[in-house]
1. Name the residue, out of 155, 146, that is farther than 19 Å from residue 91 by Cα, in a strand (DSSP E or B) and not aliphatic (A, V, I, L, M).
2. Select, from 123, 142, 103, 172, the only residue that is without any contact (Cβ under 8 Å) to a residue 24 or more places away in the chain, over 29 Å from residue 3 (Cα atoms) and either open to solvent by less than 20 Å² (accessible area, probe 1.4 Å) or small (Gly, Ala, Ser) (or both).
3. Given the options 135, 98, name the one that is open to solvent by less than 30 Å² (accessible area, probe 1.4 Å), in contact with a strand residue (DSSP E or B) (Cβ under 8 Å, 6 or more places away or on another chain) and among the hydroxyl-bearing types (Ser, Thr, Tyr).
4. Just checking, which of 163, 71, 92 is assigned to a loop (DSSP other than H, G, I, E, B), at pLDDT below 95 and farther than 30 Å from residue 3 by Cα?
Amino acid sequence: MRNAVKLLGTGLLLVTLTACGASSTGAGAPSAPPVGSTGPETPTTAPTVPGTVTPTFDPPPPGTVGRPTQGIAPGDDVIAESQVDARGLPEGYPRTLTRSLDGKQVILGAEEGGCRRVSARLGDQTAAQVVVLITVTTAAKGQMCPDYIRDISIPLTLAAPLGTRTVVLRRG
């Protein structure tokens, strides 16, 4: 949802800048060629509007693969819902888990921001289950907090690969 809002805002900004640049008739504005001129139909370079920045997109070097900026990174694997027991968590606690390819790390994905902080640590690790203790702290009632949200990843290194063990999420 946040990405859609950012994309929409960026699009509106570009439309506004384009409209402002197209309607300006002052100095520095491109002028139309006179009627009947033999000049080129389309400019060879895009006209520039003073004060704007033209985005550039450099392709990645050959033979490299980029990592996505959001979502599940290549090499990480989502842990199936059937392998996660989150019945002990209150509403609003993070429940998104991935694991590294070797299975030795469980990564908790969460959102924090303002005065909300999320932390996690490993509890008991047995042959049947791994316990992850999650703590969410918030501001005292009436305290002013900045208005932002950011995605965080909390890696937890296991004693042995996760395999088919159940991950139990608890408040802690």
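1. Working: 146 fails: in a strand (DSSP E or B).
Just a single option satisfies the conditions, and that option is 155.
2. On the way: 123 fails: without any contact (Cβ under 8 Å) to a residue 24 or more places away in the chain; 103 fails: without any contact (Cβ under 8 Å) to a residue 24 or more places away in the chain; 172 fails: without any contact (Cβ under 8 Å) to a residue 24 or more places away in the chain.
When all the criteria are applied, what remains is 142.
3. Numbers: 135 fails: open to solvent by less than 30 Å² (accessible area, probe 1.4 Å).
It is 98.
4. Values: 71 fails: farther than 30 Å from residue 3 by Cα; 92 fails: farther than 30 Å from residue 3 by Cα.
The conditions single out 163.
The values are calculated or read from the model by the stated rules, or taken from the named source; none is laboratory data. None of the values given here were measured: they were computed from a predicted structure. Note that we place each Cβ from the backbone using ideal geometry, even for glycine, and neighbour counts take in every protein chain shown. The accessibility values were calculated without ligands, DNA or RNA, using every heavy atom of the protein model including side chains. Shrake-Rupley method; radii C 1.70, N 1.55, O 1.52, S 1.80 Å.
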